[in-house]
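Contents: one structure, followed by commentary.
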Amino acid sequence: MVWILSTMLVGGLISFCSKRKHLLLMLLSIEFIILGLFFSLFFILSVSNFFFSLIFLTFAACEGALGLGVLVSMSRVFGADYFKVFNFT
């Protein structure tokens, strides 16, 4: 079980670091990391403390909603979700 959870976390981190072209792909990899953390907390806390797991899941849902809001506003203003539309120089 620990092997699967650590694979989820490492896979999410690798996809987050390698897929930096689109904002949507980065948001999906962050959600994959959050899901791995939630499963880890759920199995570690198993029966003793479901309240903390629900709070963590609530914050994860709020984070996803904020990310989608940023994605929608970015696609309305710039026309795409590419990071190359920003001029960081």
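The requirement of being at pLDDT below 80 and out of contact with any helix residue (DSSP H, G or I) (no Cβ under 7 Å at 6 or more places or on another chain) is fulfilled somewhere in region 60-80, by at least one residue.
Just checking, how many residues over region 44-75 are polar (S, T, N, Q) and assigned to a helix (DSSP H, G or I)? Here the count works out to 4. A count restricted to region 1-56 and to residues that are more than 30 Å from residue 83 (Cβ to Cβ) and open to solvent by 70 Å² or more (accessible area, probe 1.4 Å) stands at 13. Residues that are farther than 21 Å from residue 6 by Cα, open to solvent by less than 40 Å² (accessible area, probe 1.4 Å) and free of Cβ contacts under 8 Å to residues at least 40 places away in the same chain within region 57-68 comprise just one, 64.
Per the listing 13, 27, 41, the residue uniquely at pLDDT below 85 and in a helix (DSSP H, G or I) is 41.
The values are calculated or read from the model by the stated rules, or taken from the named source; none is laboratory data. What you see is a predicted model, and the numbers here were worked out from it, not measured in a lab. Cβ: placed from backbone, ideal geometry, glycine included. Neighbour counts: every protein chain shown. In case anyone asks, the SASA skips ligands and DNA or RNA and just uses the protein heavy atoms, side chains included. Shrake-Rupley method; radii C 1.70, N 1.55, O 1.52, S 1.80 Å.
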